[in-house]
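See below for the structure under consideration.
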Amino acid sequence: MAHIDRAFRSNIKLRHLQLLVALDEFRHLGRTAEFLSVSQPAVSKVLAEVEKMLGLTLFTRSTRGTEPTPAGESLVRFARAVLAQYDVTRDEIEAVASGAAGRVRVGSMGATLPVLLAQAVARLKDRSPRATVLVEEGDLTHLLPRLRLSELDVIVGRLEPAYAAPDLITDALYEDPMVAIVAAGHPLSRQASTDWADLARHPLVMPPPWASLRVKIEQAFFRHGQQPPADVIESSSYLAVTTRQAVGFVAGSVGRQLQAEGRFHVLAMAVEVDLPPVGIITLRDRRLPPSVAELAECLRETAREIDIAHRSLHGNRSTGSTGSADSAGKVARTRKTATSASKTS
């Protein structure tokens with residue numbers, strides 16, 4: 001395989017890698033050519049050039065388009081990682097030259113975007129006004145592959161133990177128990193207290209079927225002797241709560257923020273669902289650029305403030321919308337379990 005080693009060291013160029021990634025995205029020579037602003041014969045020529053260098057067929061062609069071979073899939077993964085690192089290095093050099101703080105690419109889960117990440121980014125911008133932050137929202141199924149391909153620098157969200165891996169570093173920040181919310185003016189918002197039977201009579205916003213939280217919420221209904229409502233809207237966005245007078249579930253910090261804005265109402269009930277802590281995920285073997293390290297510190301500072309506010313709230317109220325003493329005990333046990341799981345990663 002000396003010719004492959006030689007091709008990687010001397011002959012493969014960025015334009016080759018860009019073409020491979022585009023082909024993998026579009027799976028069609030014509031659309032790839034249009035995206036790259038070149039002719040279709042030019043795309044075919046460059047692809048043939050790379051395949052000749054490596055002595056491998058990277059894409060199969062048919063009337064339906066192009067499909068990567070196993071060798072092609074491996075090379076596309078390599079191409080994505082190289083191009084992502086190229087972007088990071090270019091941005092760092094440009095930041096040094098311009099005096100800016102650089103560019104940070106963050107993957108965020110819904111539990112962290114409206115409060116933790118929003119406040120941490122504001123903190124970063126106060127310190128480094130020219131810093132650029134790119135935020136991509138999703139779940140770990142979507143975000144982790146992008147982190148491993150260097151398309152994201154850091155993920156902020158719940159540290160699900162099932163996703164722990166040797167190549168990841170997890171930093172638990174705080175516990176954030178779940179609350180139930182409705183849009184302002186919903187009939188349940190006028191009740192002094194709410195229970196699971198009340199929720200079962202209304203449309204429900206639920207996470208997608210593959211999300212572990214979906215099962216936990218359904219189990220909570222069963223524990224309280226209720227059947228989950230059949231009228232379900234599947235979405236990870238709290239905005240879906242405004243659809244058809246539905247009830248939704250969000251992290252407590254998010255629910256309190258939305259209520260303070262007057263857009264939603266946190267229901268007066270304990271949502272006893274065991275959840276892992278909120279934290280930061282990075283790759284073990286990747287050095288954090290200064291801008292990313294600075295945002296991570298802003299996240300930790302903001303998290304400490306959120307945690308203090310949460311503890312103060314629970315210390316002053318043992319019942320109602322923030323949960324009961326029993327649920328607080330479950331939160332403490334969740335912290336211990338989830339933190340131990342994150343250390344194994």
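Testing Gly72 on (1) open to solvent by less than 60 Å² (accessible area, probe 1.4 Å); (2) modelled with pLDDT under 90, one condition comes back false. Which one is that?
(2)
Looking only at the range 157-170, filter to residues that are of a type in the set (A, V, I, L, M) and open to solvent by 50 Å² or more (accessible area, probe 1.4 Å); which one of those is farthest from Ser236 (Cα to Cα)?
The residue in question is Ile169.
Only one of (1) without any contact (Cβ under 8 Å) to a residue 40 or more places away in the chain; (2) under 24 Å from the mean Cα position of the chain (by Cα); (3) buried (at least 17 other Cβ atoms within 10 Å of the Cβ) is not met by Gln259, so which one is it?
For Gln259, the failing item is (1).
Among the listed residues Arg214, Arg223, Arg244, which satisfies the condition of being out of contact with any strand residue (DSSP E or B) (no Cβ under 8 Å at 6 or more places or on another chain) and basic (Lys, Arg)? Steps first, answer last, please.
On the way: Arg214 fails: out of contact with any strand residue (DSSP E or B) (no Cβ under 8 Å at 6 or more places or on another chain); Arg244 fails: out of contact with any strand residue (DSSP E or B) (no Cβ under 8 Å at 6 or more places or on another chain).
Testing whether each residue is out of contact with any strand residue (DSSP E or B) (no Cβ under 8 Å at 6 or more places or on another chain) and basic (Lys, Arg) leaves just Arg223.
Give the residue, chosen from Pro161, Pro166, that is more than 17 Å from the chain's Cα centre (by Cα) and not assigned by the TED database to the domain that holds Ala260. Lay out the reasoning, then the answer.
Details: Pro161 fails: more than 17 Å from the chain's Cα centre (by Cα).
Result of the check over Pro161, Pro166: Pro166.
Hey, among the residues in the range 1-47 that are open to solvent by 50 Å² or more (accessible area, probe 1.4 Å) and among the hydrophobic types (A, V, I, L, M, F, W, C), which one's farthest from Phe78 (Cα to Cα)? Reasoning before the result, please.
Within the range 1-47, the subset open to solvent by 50 Å² or more (accessible area, probe 1.4 Å) is 1-3, 5-6, 8-11, 13-15, 18, 25-28, 31, 34-41, 45.
Checking which are among the hydrophobic types (A, V, I, L, M, F, W, C) leaves us with 1-2, 8, 14, 26, 35-36, 38.
Working: Met1: 17, Ala2: 18, Phe8: 11, Leu14: 12, Phe26: 18, Phe35: 21, Leu36: 20, Val38: 23 Å.
Going through the qualifying residues, I end up with Val38.
Go through Ala131, Ala111, Ala183 for me and flag whichever is outside the structural domain of Arg77 (by the TED database) and either open to solvent by less than 10 Å² (accessible area, probe 1.4 Å) or touching a Cys at 6+ places or on another chain (Cβ under 6 Å) (or both). Please lay out each step first, then the result.
Working: Ala111 fails: either open to solvent by less than 10 Å² (accessible area, probe 1.4 Å) or touching a Cys at 6+ places or on another chain (Cβ under 6 Å) (or both); Ala183 fails: either open to solvent by less than 10 Å² (accessible area, probe 1.4 Å) or touching a Cys at 6+ places or on another chain (Cβ under 6 Å) (or both).
Ala131 is the lone residue from the list that is outside the structural domain of Arg77 (by the TED database) and either open to solvent by less than 10 Å² (accessible area, probe 1.4 Å) or touching a Cys at 6+ places or on another chain (Cβ under 6 Å) (or both).
Select from the range 145-156 the residues that are among the hydrophobic types (A, V, I, L, M, F, W, C) and either buried (at least 21 other Cβ atoms within 10 Å of the Cβ) or touching a strand residue (DSSP E or B) at 6+ places or on another chain (Cβ under 6 Å) (or both) and list them in ascending order. Before the answer, list the steps.
To start, the set of residues in the range 145-156 that are among the hydrophobic types (A, V, I, L, M, F, W, C) comprises 147, 149, 152, 154-156.
Listed by number, the residues that qualify are Leu147, Leu152, Val154, Ile155, Val156.
Restricting the first residue to the range 18-41 and requiring it to be under 16 Å from Leu58 (Cβ atoms), which pairs with a second residue that is open to solvent by 90 Å² or more (accessible area, probe 1.4 Å) and outside any helix (DSSP H, G or I) meet a Cβ separation below 7 Å and a spacing of at least six or different chains?
So the pair list comes out as Arg27/Glu67.
I need a count of the residues in the range 35-48 that are at pLDDT 90 or above and assigned to a helix (DSSP H, G or I).
Total satisfying the criteria: 9.
Which members of the range 84-104 meet the condition of being touching a helix residue (DSSP H, G or I) at 6+ places or on another chain (Cβ under 6 Å) and either on the phi > 0 side of the Ramachandran plot or modelled with pLDDT of 75 or more (or both)?
Passing the criteria: Gly102, Arg103, Val104.
Regarding Leu288, is this residue within 20 Å of the chain's Cα centre (by Cα) and open to solvent by 20 Å² or more (accessible area, probe 1.4 Å)?
On the way: within 20 Å of the chain's Cα centre (by Cα): yes; open to solvent by 20 Å² or more (accessible area, probe 1.4 Å): yes.
For Leu288, the condition - within 20 Å of the chain's Cα centre (by Cα) and open to solvent by 20 Å² or more (accessible area, probe 1.4 Å) - is met.
Just checking: which of the strands (runs of 3 or more DSSP E) contained wholly in the range 245-308 hold 1 or more residues that are closer than 11 Å to Met178 by Cβ?
Details: elements: 247-251, 264-266, 278-283.
In the range 245-308, the matching strands (runs of 3 or more DSSP E) lie at 247-251, 264-266.
Listed here are the residues, each with its yes/no results for (1) in contact with a helix residue (DSSP H, G or I) (Cβ under 6 Å, 6 or more places away or on another chain); (2) open to solvent by 70 Å² or more (accessible area, probe 1.4 Å); (3) modelled with pLDDT of 95 or more; (4) of a type outside the set (Lys, Arg).
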| site | (1), (2), (3), (4) |
| --- | --- |
| Ser189 | no, no, no, yes |
| Ala192 | no, yes, no, yes |
| Pro208 | no, no, no, yes |
| Phe222 | no, yes, yes, yes |
| Asp231 | no, no, no, yes |
| Glu234 | no, yes, no, yes |
| Arg244 | no, yes, no, no |
| Gly252 | no, no, no, yes |
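Has the range 297-307 got at least one residue that is surrounded by 15 or more Cβ atoms within 10 Å (Cβ to Cβ) and either modelled with pLDDT under 80 or more than 18 Å from Ala251 (Cα to Cα) (or both)?
Within the range 297-307, one or more residues are surrounded by 15 or more Cβ atoms within 10 Å (Cβ to Cβ) and either modelled with pLDDT under 80 or more than 18 Å from Ala251 (Cα to Cα) (or both).
The values are calculated or read from the model by the stated rules, or taken from the named source; none is laboratory data. Just so you know, these numbers come straight off a predicted model, no measurement behind them. All Cβ positions, even for glycine, are placed from backbone atoms using ideal geometry, and neighbour counts span all protein chains on display. These accessible areas exclude ligands, DNA and RNA; they are computed on the full protein's heavy atoms, side chains included. Shrake-Rupley method; radii C 1.70, N 1.55, O 1.52, S 1.80 Å.
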